[in-house]
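J.: Here it is, the structure in full.
Any read-out appearing in this document is the output of simple, stated calculations on the displayed coordinates, not a laboratory observation. Predicted model, so just to flag it, every value in this text is computed and none were measured. No Cβ is skipped: glycine too gets one built from the backbone with ideal geometry, and neighbour counts run over all protein chains shown.
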Amino acid sequence: RYYCISGEAQVALILAFSCTVVGNFLVVLSISYFKQLQSPTNSFVLSLAVADCLVGLLVMPFSMIRTVEGCWYFGSLFCRLHSSLDVMLCTASIFHLSCIAFDRYYAVCNPLVYSLKMSNSHVALLIAICWTVPMLISFGPIMLDLHVADVDIFIPSDLCVFLVSRVYAVMASLVAFYLPMAIMLVAYWKIFKAAKRQAKQISAMESQMAAGVGKDSSKKKRHRNTMKREGKAAKTLGIIMGVFLIFWMPFFTVNIVDPFIEYTTEGVVWDVFLWLGYINSSLNPFLYGFFNRCFRRAFLMFLSCKVCLPEISCSPPLVIEAAQNPPLLVTLASEEPSERPLELFAGAGVDHWVDAAVEVSQPKDKLKHRFRWF
């Protein structure tokens, strides 16, 4: 290696490692402890946090030593084991992100079949796939040396260099990154279109409510409210996809290209792009946990030593999954009835379903609807 790691860079690596372990451990602890957070969607978030936490515990420390010291102290067998864990856990993390996108697609775009498509058995099957496929493309080929490139390059015994064949580089990258990326792009694009459509319907419903009580319902105000909702959904979905692409696209691009340019990519490029991918595991708790109201309150309870309380209060806005046409005026049937506009949010994590009896204006009777608390 022909470059040195500065003190600031070493501190950044330690900080990334610490955030990965602590952040994901808090997510695991919160979902395991609080029943309000135990839902099909959060089952994916829990499994994702386990994968990312293992990246921080089993992969990042040894990669950090290799990056800082410029050599490998742990022998050739552990080099292959570490490489297998690296590929498996990072791929498992990416697979979970695509499953979360798939889950949200059904929740927002096909809410009537959500409980059928995302039953406990289906969720368990998807989580099993998220762990099994990465294991098959990592431990099998790497431990059996099926991934090794057929090149005449001398590699010193004190280095842990991961040179792969062209076939393995292309196939592994397609399975581990490009296929999940395609699923996420399609799912979030459909979610955004559904959010845009429902935002307009909700704006029309608000204008009817405002007209009923004599308030201003001008086109300008409705347009402003619609744009606000569309902007919120676009911003959230953009952050999720943007972070994923920014932190993983460089590595998998180089991973495919490098075997075709005779492995001439500089070591510093590999290290920078690899650590960008690791940092994605540090950011996942923020994207899929900390942005959620219930998760934030759970974290605060742990940090303030109030974990003896078995429940958390989310006090959320109400979210209607399937917008009606024509729009319905909805009132919760509770001890203290109140009317308020319904809000759609197609971005951050989902906590749980609740069944609520509602009274609608068209027709005038009571129905059962399923709502989501955020």
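J.: If the only charges are +1 at each Lys and Arg Cβ and -1 at each Asp and Glu Cβ, what is the size of the charge dipole of region 7-303 around the Cα centre, to the nearest 20 debye?
T.: In debye, rounded to 20, region 7-303 gives about 2780.
J.: Oh, and also: Could you give each residue of region 47-55 its phi-based ³J(HN,Hα) in whole Hz, using Karplus coefficients 6.51, -1.76, 1.60 with θ = phi - 60°, and x for Gly or Pro?
T.: Those phi angles translate into 5, 4, 5, 5, 4, 5, 5, 5, 4 Hz.
J.: For region 7-303, what is the convex hull volume of its Cα atoms per residue in Å³?
T.: Output value, Cα hull per residue: 167 Å³.
J.: Taking θ = phi - 60°, what integer Hz values does the Karplus form 6.51 cos²θ - 1.76 cosθ + 1.60 yield along region 97-108, in sequence order, with x for Gly and Pro?
T.: In residue order, the calculated couplings are 4, 5, 5, 5, 5, 4, 4, 5, 4, 5, 5, 9 Hz.
J.: Given a Förster distance of 35 Å, report the FRET efficiency between Leu125 and Val186 from their Cβ-Cβ distance, rounded to the nearest 0.05.
T.: So, using R0 = 35 Å, E works out to roughly 0.95.
J.: Apply the Karplus curve 6.51 cos²θ - 1.76 cosθ + 1.60, θ = phi - 60°, to the phi angles in region 74-80 and return the couplings in whole Hz, x for Gly and Pro.
T.: 10, x, 6, 5, 5, 4, 5
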